[in-house]
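Peer 1: Mind looking over this structure? Questions follow.
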Amino acid sequence: MQSIHRTVLLNEAIDGLNLKANSTVVDATFGGGGHSAEICRRSPSAKIIALDQDKSVSKNKASSCNIIFYNENFRNLDKVLEKDEKVNGIIFDLGLSSNQLENSGRGFSFQKDEPLLMTMKANPTSWDLTALDVVNTWSEKSLADIIYGYGEEKFSRKIAKGIVEARNQKKIETTFELVKIISKSVPGVYKRGRLHYATKTFQAIRIAVNVSDFFS
């Protein structure tokens, strides 16, 4: 059964836009379309410029709304807005939806055995960075740095070392393979904590994959 993503703090976020008639609003992380739908409901005359690098979410556009969808990451917002001289508000929802975690098949979650992709792009090309590239090609230091910096994982160096040792034996290809490596790299008491021991590492790799231009 497919879960339905419900936008968190929807009213508070839209209240902050202070919508007026004929406003032009950017929904920089369109996703499930919840923010855009609420903007349209409150201000039917609004023009909504929606961005998402996952092209498959374009189906979430409400037909009654004036939504122009761009299959772009919000880092390219300046390019998208070249033709629109003025916008009245921009909204970002930074994070993953429950649908992406549970139904994407791209390895976002450590709870399902899926290919190590973790990219927001529904159909990544060979040129796109994926988690497979990160865990199998990045240096031990780079892995430790992102796991600590993006995940605040105190065992980042042990986990990075474990990843490198494992990939020297066999290419790491699935989420469960990565979870097993993390499990072997952290102390037993850590695995009995309230937070799953793979949470911070997966978070860090997801961020690294989707802000890949910062590492170029």
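Peer 1: Which residues, taken from the stretch 120-154, are buried (at least 21 other Cβ atoms within 10 Å of the Cβ) and either in contact with a Cys (Cβ under 9 Å, 6 or more places away or on another chain) or over 30 Å from Asn71 (Cα atoms) (or both)?
Peer 2: Ala144, Glu153, listed by residue number.
Peer 1: Which residue pairs have Cβ atoms under 9 Å apart, sit 6 or more places apart or on different chains, and have a first residue in the stretch 128-156 that is within 20 Å of His196 (Cβ to Cβ) and touching a residue at least 40 places away in the same chain (Cβ under 8 Å) and a second that is of a type in the set (Ser, Thr, Tyr) and outside any helix (DSSP H, G or I)?
Peer 2: Ala131/Thr119
Peer 1: Say whether the condition of being modelled with pLDDT under 90, polar (S, T, N, Q), part of a loop (DSSP other than H, G, I, E, B) and under 16 Å from the mean Cα position of the chain (by Cα) is met by at least one residue in the stretch 86-99.
Peer 2: Yes, the stretch 86-99 has at least one match.
Peer 1: Please enumerate the residues belonging to the stretch 182-198 that are assigned to a helix (DSSP H, G or I) and surrounded by fewer than 20 Cβ atoms within 10 Å (Cβ to Cβ).
Peer 2: Quick first cut of the stretch 182-198, residues assigned to a helix (DSSP H, G or I) only: 182-185, 188-191.
Answer for the stretch 182-198, where residues must be assigned to a helix (DSSP H, G or I) and surrounded by fewer than 20 Cβ atoms within 10 Å (Cβ to Cβ): Ser183, Lys184, Gly188, Val189, Tyr190, Lys191.
Peer 1: Need pairs with beta-carbon distance below 6 Å; first residue assigned by TED's automatic domain parsing to the domain that holds Val57 and at pLDDT 90 or above and within the stretch 27-42, second of a type in the set (Ser, Thr, Tyr) and crowded, with 24+ Cβ neighbours inside 10 Å; sequence gap 6+ or separate chains.
Peer 2: Close Cβ pairs (under 6 Å, with a partner that is of a type in the set (Ser, Thr, Tyr) and crowded, with 24+ Cβ neighbours inside 10 Å) amount to Asp27/Ser36.
Peer 1: Does at least one position in the stretch 157-171 carry a residue that is closer than 23 Å to Asp128 by Cα and among the small types (Gly, Ala, Ser)?
Peer 2: Yes.
Peer 1: Does the stretch 170-184 contain at least one residue that is modelled with pLDDT under 95 and more than 21 Å from the chain's Cα centre (by Cα)? Lay out the reasoning, then the answer.
Peer 2: If we filter the stretch 170-184 for residues that are modelled with pLDDT under 95, which is where we start, we get none.
No: the stretch 170-184 contains no residue that is modelled with pLDDT under 95 and more than 21 Å from the chain's Cα centre (by Cα).
Peer 1: Return yes when Tyr148 is farther than 26 Å from Asp128 by Cα, part of a helix (DSSP H, G or I) and assigned by TED's automatic domain parsing to the domain that holds Phe108 and no when it is not. It would help to see each step written out before you state the result.
Peer 2: On the way: farther than 26 Å from Asp128 by Cα: no; part of a helix (DSSP H, G or I): yes; assigned by TED's automatic domain parsing to the domain that holds Phe108: yes.
No; evaluated as a whole, the condition is false for this residue.
Peer 1: Just to check your reading of the model, which residue among Ser58, Ser64 is closer than 24 Å to Leu19 by Cα, modelled with pLDDT of 85 or more and not in a strand (DSSP E or B)?
Peer 2: Ser58
Peer 1: Quick one: would you say Ile207 is over 30 Å from Asn73 (Cα atoms) and either under 17 Å from the mean Cα position of the chain (by Cα) or buried (at least 17 other Cβ atoms within 10 Å of the Cβ) (or both)?
Peer 2: Numbers: over 30 Å from Asn73 (Cα atoms): no; either under 17 Å from the mean Cα position of the chain (by Cα) or buried (at least 17 other Cβ atoms within 10 Å of the Cβ) (or both): yes.
For Ile207, the condition - over 30 Å from Asn73 (Cα atoms) and either under 17 Å from the mean Cα position of the chain (by Cα) or buried (at least 17 other Cβ atoms within 10 Å of the Cβ) (or both) - is not met.
Peer 1: Given the conditions (1) closer than 26 Å to Ile207 by Cα; (2) part of a loop (DSSP other than H, G, I, E, B), which single one is not true for Asn22?
Peer 2: (1)
The values are calculated or read from the model by the stated rules, or taken from the named source; none is laboratory data. None of the values given here were measured: they were computed from a predicted structure. Glycine also receives a Cβ, built like all others from the backbone with ideal geometry; neighbour counts cover every protein chain displayed.
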